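Right, one structure below, let's go through it.
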Amino acid sequence: MTRKAILTIDGKSIELPILQGTCGPEALDMRGLYQETGLFSYDPGFTSTASCSSNITYIDGDAGILLYRGYPIEQIVENCNFLEAAFLLIYGDIPNYAQKQDFEKMINQHTMVHEQLRSFFHGFRRDAHPMAIMVGIVGALSAFYHDSLDIDDTSQREIATHRLIAKMPTIAAMAFNYSKGRPLPYPQNDLTYAQNFLKMMFSVPTEQYQINPIITKAIDRIFILHADHEQNASTSTVRLAGSSKANPFACIASGIAALWGPAHGGANEAVLAMLKTIGTKDKIPEFIEKAKNKNDPFRLMGFGHRVYKNYDPRARIMRQSCHEVLEQLGIHDPILEIAIELERIALEDPYFIEKKLYPNVDFYSGIIFSALGIPPSMFTVIFSVARTVGWVAQWNEMMADPAQKIGRPRQLYVGNPERKFQKP
Ligand code: CMC
């Protein structure tokens, strides 16, 4: 039997159904609220609002649990490569051998970008932030792939999905090489997704590129950890853009824009900058005090999360991976020591304990990226390559949902009431 909540306003009562998911909090069905009461719900930042129902990713923020299609992230990282995780997120289950082969083949068919798109890069300044290039180039894909723009055609939606997953590493590596003044790379389809990305990033035509298995494994793991995270700001942006029936390339470009901000995907770049500014361990208490000071806008980057009120499970894996990678590559990084000490001090501080502020996924990723030779401006770009899988999975789910409507929030108007026009 459906449970209901009773809401009484000015003596009039209405019943609001309580919706049950498979896990997690139930949700009050507010769809009839305005019609029945003339009231809106008010929830800036959507802190108490479920914007959709979804069966892709589940987070239990209090317990620090993250599931992709029901599988704990730790098990996915242990047993899958990135394209297997991508298949799982998009199609709902782990691929068998034949499905895996087919999916890899399909993605590999689409790794190149239209030759004419290459000239777009030359319109950017060499010092452009690669995220600026990503927003522009991914949006421009809609000008090239007209045969996958019909969002009502499921096979076109699937081709767009494959194209986006396949082309993102190529575009990211092109953006990086453009900033370096190096030739724009081409993909090599007999390599894995992670190998191909690294080769496009770092190979030069004059030298043989050596694939490093430690670096490849670390990047593949980072891709998996960033692949989806339910209705975060960028995913919600993709869904909102998609709800107006915009084409998938435009929707993903909007997701990249939302990801760029330092409160979201841009935090990984900001963490490294912060650790470098802290510089030495003795300065940590000073920065902790700044973070706690209400009159100072400074926040500990890589700490806190809207949903996790416990250690982010991705951060736990990333922390371990960080140690392994630095050890295997024989790198001694004083920045890692500052990070560990900062984490220790923050986790013992009453302010952070009381507000349940734990390290998030971005806290350690920057240190691994640096160890792998990836510059800070590319951190969020790599996040966007991985998150494209989540964005397209969520976009496809929404497009197939018969309950889907254009996203159109309302507002609490606090401006002038109607007034008569008078010349000043
Ligand atoms: N350092 C110091 N204080 C903090 C921090 C922090 N990193 N994060 C939150 N707080 C405080 C905040 O001042 C507030 O205090 P009070 O209740 O006294 O006003 C309280 O904790 C709750 O913060 P909030 O801003 O209301 O929480 P939110 O859910 O709106 O924001 C967040 C979540 C991730 C934007 C925020 O924690 C933050 O800015 N963290 C730093 C940036 C960061 O690491 N972002 C990456 C997030 S994970 C990856 C991703 O999403 O892409």
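Numerical summary
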read-out: Residue pairs meeting the criteria (Cβ under 7 Å; at least 6 apart or on separate chains; first under 19 Å from residue 73 (Cα atoms), in segment 292-315; second within 6 Å of the ligand (Cβ to nearest atom)); value: 305/360; 308/360; 312/305; 312/360; 312/361; 314/361; 315/360; 315/361
read-out: Unique residue being in contact with a helix residue (DSSP H, G or I) (Cβ under 9 Å, 6 or more places away or on another chain), assigned to a strand (DSSP E or B) and free of Cβ contacts under 8 Å to residues at least 40 places away in the same chain when the list is 14, 18; value: 14
read-out: The lone exception for residue 362 - which of (1) more than 13 Å from residue 272 (Cα to Cα); (2) in contact (Cβ under 8 Å) with a residue 12 or more places away in the chain it fails; value: (1)
read-out: Wholly enclosed helices (runs of 4 or more DSSP H) of segment 40-147 bearing at least 3 residues surrounded by fewer than 14 Cβ atoms within 10 Å (Cβ to Cβ) and of a type outside the set (Lys, Arg); value: 73-79, 97-109
read-out: Residue check for residue 163: buried (at least 18 other Cβ atoms within 10 Å of the Cβ) and more than 20 Å from residue 381 (Cα to Cα); value: no
read-out: Yes/no for residue 209 being aromatic (Phe, Trp, Tyr), modelled with pLDDT under 95 and surrounded by fewer than 23 Cβ atoms within 10 Å (Cβ to Cβ); value: yes
read-out: Given (1) out of contact with any Gly (no Cβ under 8 Å at 6 or more places or on another chain); (2) surrounded by 14 or more Cβ atoms within 10 Å (Cβ to Cβ), number of the condition residue 20 does not satisfy; value: (2)
read-out: Residues within segment 372-417 that are within 22 Å of residue 265 (Cα to Cα) and surrounded by fewer than 18 Cβ atoms within 10 Å (Cβ to Cβ), tallied; value: 4
read-out: Number of positions in segment 304-319 that are near the ligand (Cβ under 10 Å from one of its atoms) and outside any helix (DSSP H, G or I); value: 7
read-out: Residues that are touching a residue at least 40 places away in the same chain (Cβ under 8 Å) and of a type outside the set (D, E, K, R), drawn from segment 104-121; value: 106, 107, 108, 109, 110, 111, 112, 113, 121
read-out: Residue match in segment 393-416 (condition: closer than 26 Å to residue 249 by Cβ, under 16 Å from the mean Cα position of the chain (by Cα) and of a type outside the set (Gly, Ala, Ser)); value: yes
read-out: Per-region count, segment 17-39, residues farther than 24 Å from residue 398 by Cα and of a type outside the set (Gly, Ala, Ser); value: 4
read-out: Helices (runs of 4 or more DSSP H) wholly inside segment 333-424 that include at least 3 residues being away from the ligand (no atom under 15 Å from the Cβ) and within 30 Å of residue 154 (Cα to Cα); value: 379-399
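The values are calculated or read from the model by the stated rules, or taken from the named source; none is laboratory data. This is a predicted model, so every value here is computed, not measured. For neighbour counting, all protein chains shown are included, and Cβ atoms are generated from backbone atoms with ideal geometry for every residue, glycine included.
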